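> Following this message is one structure expressed as structure tokens.
The values are calculated or read from the model by the stated rules, or taken from the named source; none is laboratory data. Source: prediction; values computed, not measured. A quick note on method: Cβ atoms are made from the backbone with ideal geometry, for glycine too, and the neighbour counts reach across all protein chains shown.
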Amino acid sequence: MEETIRSRISGERRAVLSSLWTFVLFNMLFRDIHEFARPGAIEEFMSMSVEEGILLASGVSLTVFISLIVLSRALPYRAARWANFTVSIVALGAMSINAPNDLDDIWFLAVEAVGLLAIIWISWTWRPQDESAVATAAHGVTAR
């Protein structure tokens, strides 16, 4: 029987979610790095005055996103499911607050949104049976 994308995701949700968080975060990082190539961006960045509270809030939110790379695999089923679902909704909402400045920002925003929507869908459709199927396979037991 040929394995479909849906069946692979169903059997490996934790790994797929962890990989999707890595994918989204790399796109966020490279969008920011890519921005430095825009003429005047470095000067604009250096002249900005950002309050310490805003820096702390953005640092905390990024740490939460980064931690989901590990937590997607480590948390118990219910906590992992809701953490992925909730944080991806919040991340998508936060991304929609700042309008993109140019075409490359639109590109990165779209790619990040697709990754977050995939996380939302995978975590929303995650069922306890998916966990038991993975545990059964890990112990070498096959269903007949």
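> Tell me, please, whether a residue that is of a type outside the set (Gly, Ala, Ser) and either touching a strand residue (DSSP E or B) at 6+ places or on another chain (Cβ under 7 Å) or at pLDDT 90 or above (or both) can be found in the stretch 40-54.
Step one: list which residues in the stretch 40-54 are of a type outside the set (Gly, Ala, Ser), which gives 42-46, 48, 50-52, 54.
Among the residues that remain, those that are also either touching a strand residue (DSSP E or B) at 6+ places or on another chain (Cβ under 7 Å) or at pLDDT 90 or above (or both) are: none.
No, the stretch 40-54 contains no residue that is of a type outside the set (Gly, Ala, Ser) and either touching a strand residue (DSSP E or B) at 6+ places or on another chain (Cβ under 7 Å) or at pLDDT 90 or above (or both).
> Continuing with the same structure: Which one is nearest to Trp107 (Cα to Cα), of the residues in the stretch 12-47 that are free of Cβ contacts under 8 Å to residues at least 24 places away in the same chain and charged (D, E, K, R)? Break it down stepwise before answering.
At the first step, the residues of the stretch 12-47 found to be free of Cβ contacts under 8 Å to residues at least 24 places away in the same chain are 19, 26, 29, 32-33, 36-37, 39-47.
Still in the running and charged (D, E, K, R): 32, 43-44.
Values: Asp32: 13, Glu43: 24, Glu44: 22 Å.
Restricting to residues being free of Cβ contacts under 8 Å to residues at least 24 places away in the same chain and charged (D, E, K, R), the top hit is Asp32.
> Where residues in the stretch 99-144 are at pLDDT 80 or above and either among the polar types (S, T, N, Q) or farther than 22 Å from Leu20 by Cβ (or both), which of them is surrounded by the most Cβ atoms within 10 Å (Cβ to Cβ)?
Just the residues of the stretch 99-144 that are at pLDDT 80 or above, to begin with: 100, 102-129.
If we keep only those that are either among the polar types (S, T, N, Q) or farther than 22 Å from Leu20 by Cβ (or both) as well, we get 102-103, 123, 125, 129.
Details: Asp102: 9, Leu103: 8, Ser123: 22, Thr125: 13, Gln129: 9.
It comes out as Ser123.
> Right, here's the next one. Take residues that are closer than 20 Å to Ile122 by Cα and tell me which of the helices (runs of 4 or more DSSP H) falling wholly in the stretch 1-111 contain 1 or more.
Details: elements: 5-11, 13-35, 41-47, 52-74, 77-97.
Fully inside the stretch 1-111 and qualifying: 5-11, 13-35, 52-74, 77-97.
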